[in-house]
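S.K.: My questions all concern the structure below.
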Amino acid sequence: MSASKKVGFFNQVSTQVTTILFIAFAVVLAVVVYVVDKEGHDKIRLESAKLVAERGNTAVNSISADINRVMRSALLLQQSAQTLPPQENILQVSTANAFDKRDYNLLGSGGIWPEKGALGANTATHPFLMVRQNGDYQAVLSDPNPTNPYYQEDWFSVLKLLKPDSCIWNHVRASQTKGELAMSCGVAIERDNQFWGASTVNFTLNQLQENIVKLSESSGSGYILLLDNSDKVIASSNPERLSYIDEATGTPLDIKQVINSDPAWNPVLNFLETQRNEIIEQVAASVSPQVQQVLNTIDKAETGDSKGYYLVNYAAYLNNGENKQNAMDSRLLQSFELTNDNFYNGSQAYVFEIPETYWKLIVVQPDAEINAIADNLSENLINWIALALLITAGIIYFMLTFLAFKPLKETTDKISLAENIINNKQYNKLSSVKFKTGRNEIGLVNGSINDLLDRIQSNEGKLANINQQLEIKVEERTAELQDTLKELKNSQLQLIRSEKMATLGQMVAGVAHEVNTPLSYVQNNLEIIGQLTEQYEELIELVQGLKAVKTDAAADGKIDKLLADIVRASDEIQEDDLSAELKELIKDSLFGVEQITEMVLNLRNFARLDESKVKTIDVRECIEASLKIAGNSIRHQEIVTDFAPTPEIKCSPSQINQVLVNLLNNAAQAMGEKSDGKIEVRTRADDSNVYVDVIDNGKGMSSEVLSQIFEPFFTTKGAGEGTGLGMAISQQIMEQHNGDIKAVSTVGVGTTFTLTLPINNDLTEKSLAA
């Protein structure tokens, strides 16, 4: 190996190239800084921001105008219902007058919704609705959902409670038209200072979407998002890339989903959440706890949580009634810098507020657009930069060609030659490949490569031996791992069998009781049969006596007496209906034996060790067998079954029985000493799966306990009362069946376990054993 060499500072290629590049870029940087500073880059950004703010205010005012148009229609319906006689024909005409087909793209369905009994005791309660159809509005005089009348629904209860004299907006949701969003404006109707009903108009948001797209197209690059007060995107100027509609449900997506959780948006998202929380705090301080509870309950029913979105809708109603803003007022709340955002890799976001609904309009402008004027000025730099680059490029090329490029090319060629030799394992030819050494880094690297090739040539044999030893060790370790895995699978199977036998042991007393009951009345029936056969024995003795004396001529008197006794015995048998009674006793005895046989068969199927045997079976058979096996455990509870039709599935009945028996035993134990304990078992199915629900009204579980029930060895029972493996093994069995087990529980109410089993299940005995 050659001795280590150091390259002088001025002989280093990095020093020489760095010096050249520093001089070249210093010239270019000086020119750029001079021009940009001279033209005032900051002033250009400020003016561009003002233009964006003006466009945003224009868009907000346009949206506010549409909102106010919808509000006016709702108030027109309210005024008609409050002032006109409450007669059906008059209300129907007034409802139709509030809808004009020129507003077809703006106004959706709506109308007047009387309170129950508001139309009179002899008139059925029904709404007066107008619905969009084929480019016009059609009258509808029936409840859209007669099974759940509108005057019982939450939205109607809210209007009845709050009695708003102007619009309270509902959440944005999908309308009956596919791909269309709508938002309902609700107003209370009062007659004689009493709540009489409500008027509603649905605000169709498709027109907003079209207007936002047009506004974005007219303003160049960038995009616009319209958010409701729960941060759902209800319009987008770039729907192809910023898709905001959930295709499955037709509902708007959260802004985080639309922007794909872009970290650059975190300041904007935090600002939106802070704004919403401030509004919630303000309105919560001005309304009663009853109103807050009702609004939060509706929030939870419609959105799945109770974060106060409906309180923001109510706050918008209060704000709209108290503070009328001038159309010239700025609606801009704040602007944010989106550094390295996914869309433009640098842009500005301007957040505007729509006062009538507290919606947020976000206008995003790329930095390239904001700096458009500065980009135009860059044309003035082209000549200066081009001249500087030409000069520096010539110098760089001349020096790098002789200092680096040529030596590097020679080194690269020889490296390729050495690589081919090594790939062909012709290590003895490496001695013919020699790299040219020198005083700079390239020469030093070439010397190191020469030493490396020498070591490769000398150590090639040793490396081959090491590789061979490594391959042997890998094979040995692989075999060890396979043995360990096999032992683990055997232990896992043994654990399932042990848990099943433990459950079986707990049920032995109950099964013995179940067997003993039919066995007892079989024994009693046989004793009665024995007593009844005595009359047949007497008849047989008389007939045998007659046979003995029939040849004796002197025995005529005996024969007559025997015949009389035979007739008497026969009459007694016929009078007692002895044959029918014997048949009934034998039938009852056979039924008892069948019950014993069925119980033993169910017990044997449950306890058998061939758990992985797969059959195509109706899941109801497993349920019925499990109910019988667990009969003693659940005998004190009311058992309710509701078996909806389900297709046959492929499963291991023994393993499914084990899961069901475990759930039934747990349900019975959850009842404790409860006198009205009830266990419900239901089946249902959809296109993909069969579902089994096991429901009890026991003491229920806390969320903390519920989160741990499928963990091995976790149990809430006392010491010695349970292994803590039942639910863990049940979950494993369901996973092996490509299914699932879920639990929902409420303390003091009860627990529901749901088993999910796929209908088209590619299940084999081998897959269960794996």
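S.K.: Based on other C-beta atoms within 10 Å, arrange His737, His126, His636 from fewest to most.
M.R.: With the sparsest Cβ surroundings first, the list reads His636, His126, His737.
S.K.: If you take the beta carbon distance between Glu735 and Lys473 as r and set R0 to 35 Å, what does 1/(1 + (r/R0)^6) give as a FRET efficiency, to the nearest 0.05?
M.R.: Calculated value: 0.50.
S.K.: In nanometres, what is the gap between the two model label sites at Gln138 and Asp676, each 7 Å from Cα along Cα-to-Cβ?
M.R.: Going by the 7 Å Cα→Cβ label model, 4.8 nm.
S.K.: Pull out the extension gain between Gln334 and Glu240, defined as 0.36 nm times the separation in residues minus the alpha carbon to alpha carbon distance; nm, one decimal. Write down the numbers at each step before the final one.
M.R.: On the way: separation 94, 0.36 × 94 = 33.84 nm, distance 2.71 nm.
Separation in residues times 0.36 nm, less the Cα-Cα distance, equals 31.1 nm.
S.K.: I've got another one for you. Against the globular-protein guess of 2.2 N^0.38 Å, express the Cα radius of gyration of the stretch 682-760 as a ratio, rounded to two decimals.
M.R.: 1.18
S.K.: Under 19 Å from a point placed 7 Å out from the Cα of Ala644 along the Cα-to-Cβ direction: which residues of the stretch 672-698 have their backbone N that close?
M.R.: The answer is 680-696, whose backbone nitrogens lie closer than 19 Å to the label point.
S.K.: Now a separate question. How large is ³J(HN,Hα), in whole Hz, for each residue of the stretch 245-258 in order, when computed from phi with the Karplus curve 6.51 cos²θ - 1.76 cosθ + 1.60 and θ = phi - 60°, using x for Gly and Pro?
M.R.: Each residue of the stretch 245-258 in turn: 10, 6, 4, 6, 10, x, 9, x, 8, 5, 4, 4, 6, 5 Hz.
S.K.: Oh, and also: Skipping prolines and chain starts, which residues have an amide H placed within reach, meaning under 5 Å, of the one on Asn689, given they are 5 or more residues away or on another chain?
M.R.: Under 5 Å from the amide H of Asn689: Ile759.
S.K.: Same structure again: Quickly work out the Leu452-to-Glu88 label distance, labels modelled 7 Å from Cα along the C-beta direction, and quote it in nm with one decimal.
M.R.: Distance between the two pseudo-spin positions: 9.5 nm.
S.K.: With a Förster radius of 41 Å, plug the Cβ-Cβ distance of Phe271 and Ser702 into 1/(1 + (r/R0)^6) and report the FRET value to the nearest 0.05.
M.R.: Details: r = 37 Å, r/R0 = 0.89.
Taking R0 as 41 Å, the efficiency between Phe271 and Ser702 is 0.65.
S.K.: While we're on this one: Please compute the net charge surrounding Gly698, taking Lys and Arg as +1 and Asp and Glu as -1 over other residues with Cβ under 13 Å from its Cβ.
M.R.: Working: positive: Lys674, Lys678, Lys699; negative: Glu638, Glu673, Asp676, Glu680, Asp696.
Summing Lys/Arg as +1 and Asp/Glu as -1 gives -2.
S.K.: Can you give the FRET efficiency for Ile617 and Val747, using 1/(1 + (r/R0)^6), R0 = 41 Å, r = Cβ-Cβ distance, to the nearest 0.05?
M.R.: According to the calculation, E is roughly 0.70.
S.K.: What does the charge count near Glu680 come to, summing +1 for each Lys or Arg and -1 for each Asp or Glu among other residues with Cβ under 11 Å from its Cβ?
M.R.: Net of charged neighbours comes to -2.
S.K.: Obtain the nm distance between the two label points defined at Thr147 and Lys436 by a simple spin-label model: each point lies 7 Å from its Cα along the Cα-to-C-beta direction.
M.R.: So the label points at Thr147 and Lys436 sit 9.0 nm apart.
S.K.: Then there's this: Of Leu119, Leu481, how do they rank once you tally other Cβ atoms within 10 Å and put the fewest first?
M.R.: So the ranking, lowest neighbour count to highest, is Leu481, Leu119.
S.K.: With the cut-off at 21 Å, tell me which of the pairs Lys486/Lys650; Lys232/Lys360; Lys256/Lys307 have Cα atoms farther apart than that.
M.R.: Beyond 21 Å: Lys486/Lys650.
S.K.: Also: Of Trp265, Trp359, how do they rank once you tally other Cβ atoms within 10 Å and put the fewest first? Can you show the working numbers first?
M.R.: Working: Trp265 23, Trp359 26.
Ranked by crowding around the Cβ, least crowded first: Trp265, Trp359.
S.K.: Turning to a different aspect of this structure: Using only the alpha carbons of the stretch 47-370, determine the length spanned along each of the three principal axes and report them from longest to shortest in whole angstroms.
M.R.: 69, 45, 40
S.K.: What does the charge count around Lys101 come to, taking other residues whose C-beta lies under 10 Å from its C-beta (Lys +1, Arg +1, Asp -1, Glu -1)? Could the numbers behind the result be given before it?
M.R.: On the way: positive: Arg102, Arg132; negative: Asp100, Asp103, Asp136.
Around Lys101, the surrounding residues sum to -1.
Any read-out appearing in this document is the output of simple, stated calculations on the displayed coordinates, not a laboratory observation. Keep in mind the model is a prediction, meaning the values are calculated, not measured. Here the Cβ is made from the backbone with ideal geometry for all residues, glycine too, and neighbour counts use every protein chain on show.
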